[in-house]
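Undergrad: Take a look at the following structure, please.
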Amino acid sequence: MTSEFPHTPPRKSYTFSDAVNAEIRRAAATGIYDIRGGGTKRFLPHFDDLLFLGASISRYPLEGYREKCATDVWLGTRFAKKPIHLDIPVTIAGMSFGALSGPAKEALGRGASEAGTSTTTGDGGMTEEERGHSKTLIYQYLPSRYGMNPDDLRRADAIEVVVGQGAKPGGGGMLLGQKISDRVAMMRNLPKGIDQRSACRHPDWTGPDDLEIKILEIREITDWEKPIYVKVGGARPYYDTALAVKAGADVVVLDGMQGGTAATQDVFIEHVGQPILACIPQAVKALQDLGMHRKVQLIVSGGIRTGADVAKAMALGADAVAIGTAALVALGDNDPALEAEYQKLQTTAGAYDDWHEGKDPAGITTQDPELYKRFDPVLGGRRLKNYLKVMTLEAQTIARACGKNHLHNLEPEDLCALTIEAAAMAGVPLAGTGWIPGRNGGF
Amino acid sequence: MQTFDLAARGLRELNQTLHTLNGTTNQTAWEIVNTRGSHAIAVGVDAPLDITVRGTTGYYCAGMNKQATIRVKGSTGPGVAENMMSGTVIVDGDASQYAGATGRGGLLVIKGNASSRCGISMKGIDIVVHGNIGHMSAFMAQSGNMVVLGDAGDALGDSLYEARLFVRGSVKSLGADCIEKEMRAEHLELLEDLLRRGEADAKAKPEEFRRYGSARKLYNFNIDNADAY
């Protein structure tokens, strides 16, 4: 006989959710932490929490199809004899050959060059595919120094000293053995098939005073021609930006925690670093406090997806942005057309992040010739170019609506925030109020 | 011999001058005077020059050297011959931290002592140290050879890959995954050549050294080795 009183319905714990319990079981079964690619998947305050105000009686807009809204950007004007001039302020972030296939690197070079922007090497040295197809190529100077040599320094268009990245500020890298092909092994001077650790600190300098001397050395080697970027993860953006400027950087690259990685621990991706929205105003303030805003350029990255994101980042004071994950999606990563193959890998389109395993059905994050042969670098380049052009058009559309004849003229006063958190982080008023939490008291 | 007065003409002019000598001139012998501990002396040279640095240097002397023979008649600051590609760098005095860091080729000879992290992340360079080396030397060393006539500090060869380490004196401790290995005939032959080229053959014999290298247990991640990381 059933009780006449209703039972308490089954109630699952918020703290011990299905996902949390599944991870506990996975850890218990395997004895290893979860490693994956990509950036954070958690919900974060982001550019979606900002809106542009548009024109009004006090600000008049520019005519969308008639009046010019320029998009070009100069990078490296502080010290370099040969600063970089890009047509659009959306650059391609550093991604290594090793993490990506040769054809994928070629596609990035093709698309970026056609759209008038730069690509960046990664933790595997410079490949001919990328140098050959990138009109403007930024060469990363990383702790591992895999493949580092003075000839590539000299044939780069700029040099990016990597201190950290948004996905894992304070962390090194790991390229697992299954992606170490003969070519990758040769470029990195390591045995084939072993897990390749990339150090988290540079081997020959420690701290900002040493960094200044290291930058001097690189400038001397390259005869002061190349812009020197310093890339930091979104950890302490005010101080990191100030110290990079003090060390002599031409450009500061600031990567928020939404920025991706080829592979690292999920716990690192999800729990270390700050969202890019919180980082940009801190970096801009550091530049302004030093009187170096626009003199040392600021490139921001981590979760940039649309022209609106570009416009918002620039309104907050960035000179340019960089995209990584979005560029891979444009090339064909996580495309639902490959759903059957993702299912075979026990995942689904949009969730595939085991880039370190080298089984990417899209042929992008793999060194398996059978897989990367599927990827057409010419078509991939075309898709990336299209995407970059659309982002630029979108950003221009917004800038014109705000009455700006250059994307760099966007300003925080063009923005409001939808949430208190975003208002506090971005330093713009909560919509419908003049309130910037933490700045000017009450409503 | 061409004499370059660094105090009078400055670092920029020095390196620019050396960079323009791309192997098409007979002005191959240079001496640099009045170094005053300057950083980045003779960096990025890419020509078969014979350069003598008279005095003590700051950071990164002979950084990324290719082809040149650079003799320092004094001691060097951190990162001497960092990322050297080829050629020879000989330091008559002592070398500070990170000597030969990430070097990919060529020969670095230090006639005095080398400080900590000597040969860190070395990638093919040969390093011969007549004296002692400090802690964490050959950390993550990938390839190449390191010969130490004196003693080695703590954690020698931590997390190293395929580099070969030869130490004549004591080793305070070995780093993770670094073990002593059998000295075979091929290694004695290699040592003999390195001692000769490192101007140390009158000071030591190959048979006096012990060889250290990777146990290769950390090459692929295994949770049971987590305590070693």
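Undergrad: About the Cα centre, and with charges only on the beta carbon of Lys, Arg (+1) and Asp, Glu (-1), how big is the dipole of segment A:126-190? Nearest 20 debye, please.
TA: Dipole of segment A:126-190, to the nearest 20 debye: 160 debye.
Undergrad: Separate question: Taking each full run of DSSP H in chain A as one helix, which ones are at least 27 Å long along their axis (Cα atoms) and have mean Kyte-Doolittle hydropathy of at least -1.0?
TA: A:377-401
Undergrad: Quick one: which of A:Lys192/B:Lys217; A:Lys214/B:Lys203; A:Lys82/A:Lys135 span more than 26 angstrom between C-alpha atoms?
TA: Pairs exceeding the cut-off: A:Lys214/B:Lys203.
Undergrad: Charges on Cβ only, +1 for Lys and Arg, -1 for Asp and Glu, centred on the Cα centroid of segment B:2-228; of B:Gln67, B:Leu188, B:Gln16, which one is farthest towards the dipole's positive end?
TA: The residue sitting farthest along the positive end of the dipole is B:Gln16.
Undergrad: Shifting gears a bit: Mind checking the dipole of the protein assembly as shown: about its Cα centre, +1 per Lys or Arg Cβ, -1 per Asp or Glu Cβ, Debye to the nearest 20?
TA: It comes to approximately 680 debye.
Undergrad: Additional query: Quick check on the protein assembly as shown: helices-only [θ] at 222 nm, where DSSP H runs of length 4 and up contribute -39,500 (n - 2.57) each and the sum goes over total residues. Nearest 500, please.
TA: Dividing the helical sum by the residues of the protein assembly as shown leaves -7500 deg cm²/dmol.
Undergrad: Could you work out, for chain A, what percent of all Cα-Cα pairs fall into each 20 Å distance bin, beginning at 0 Å and stopping at the bin that holds the largest distance?
TA: For chain A, the binned pair fractions read 25, 56, 17, 2, 0 percent.
Undergrad: Of all beta bridges DSSP finds with both residues in the protein assembly as shown, what is the antiparallel percent, to the nearest 5?
TA: The antiparallel fraction comes to roughly 20 percent.
Undergrad: Using the number of other C-beta atoms within 10 angstrom as an exposure proxy, rank B:Ser159, A:Ser17, B:Ser143, A:Ser96 with the fewest first.
TA: The most exposed by this proxy come first: A:Ser17, B:Ser143, B:Ser159, A:Ser96.
Undergrad: Extent of segment A:247-400 along each principal axis, from alpha carbon coordinates, in Å, largest to smallest?
TA: Ordered largest first, segment A:247-400 gives principal extents of 54, 37, 25 Å.
Undergrad: Give, rounded to the nearest 20 debye, the magnitude of the charge dipole that segment A:35-410 has about its Cα centre when Lys and Arg contribute +1 at Cβ and Asp and Glu contribute -1 at Cβ. Let's see the in-between values first.
TA: Numbers: 44 positive and 46 negative charges, 128 e Å.
About 620 debye.
Undergrad: Moving to a separate point now. So for chain A, averaging the separation of alpha carbon pairs under 8 Å that are six or more residues apart and normalising by length, what relative contact order in percent results?
TA: 23
Undergrad: For a footprinting-style exposure proxy, rank A:Thr433, A:Thr306 by other Cβ within 10 Å, fewest first.
TA: A:Thr433, A:Thr306
Undergrad: At q = 0.15 Å⁻¹, what log₁₀ I(q)/I(0) does a Debye calculation on the Cα points of chain B give, no solvent, two decimals?
TA: With one equal scatterer per Cα and no solvent, log10 I(q)/I(0) is -0.89.
Undergrad: By how many degrees, between 0 and 90 and to the nearest 10, does the Cα long axis of helix B:185-197 differ from the longest principal axis of chain B?
TA: Result, in degrees: 20.
Undergrad: For A:Thr264, B:Thr25, what's the fewest-to-most ordering of other Cβ within 10 Å of each Cβ? Please list the in-between numbers first.
TA: Details: A:Thr264 23, B:Thr25 10.
Fewest-to-most Cβ neighbours within 10 Å comes out as B:Thr25, A:Thr264.
Undergrad: Which distance in Å, rounded to a whole number, links the C-alpha centroids of segment A:9-39 and segment B:80-105?
TA: That distance is 48 Å.
Undergrad: Could I ask something else about it? Which percentage, to the nearest 5, of the DSSP beta bridges contained in segment A:35-410 is antiparallel?
TA: Working: 9 of 40 bridges.
If I count the DSSP bridges inside segment A:35-410, around 20 percent turn out antiparallel.
Undergrad: Still on this structure, please answer the following. Choose one answer from A:Ile276, A:Ile24, A:Ile213: the residue with the largest mean-square fluctuation in a GNM of chain A with alpha-carbon springs under 10 Å.
TA: Residue with maximal mean-square fluctuation among A:Ile276, A:Ile24, A:Ile213: A:Ile24.
Undergrad: Segment A:279-340 to segment A:149-177: how many Å between their Cα centroids?
TA: Comparing the Cα centres of segment A:279-340 and segment A:149-177, I get a distance of 18 Å.
Undergrad: I've got another one for you. I'd like to know which of A:Ala422, A:Leu407, A:Pro437 lies farthest towards the positive end of the charge dipole of segment A:360-443, counting +1 on Cβ of Lys and Arg and -1 on Cβ of Asp and Glu.
TA: Projecting each Cα onto the dipole axis, the largest value belongs to A:Leu407.
Computed from the coordinates by the stated procedures, all read-outs in this text should not be read as laboratory data. Since we're looking at a predicted model, the values are computed, not measured. Ideal geometry is used to build each Cβ from the backbone, glycine not excepted, and the neighbour counts take in all protein chains shown.
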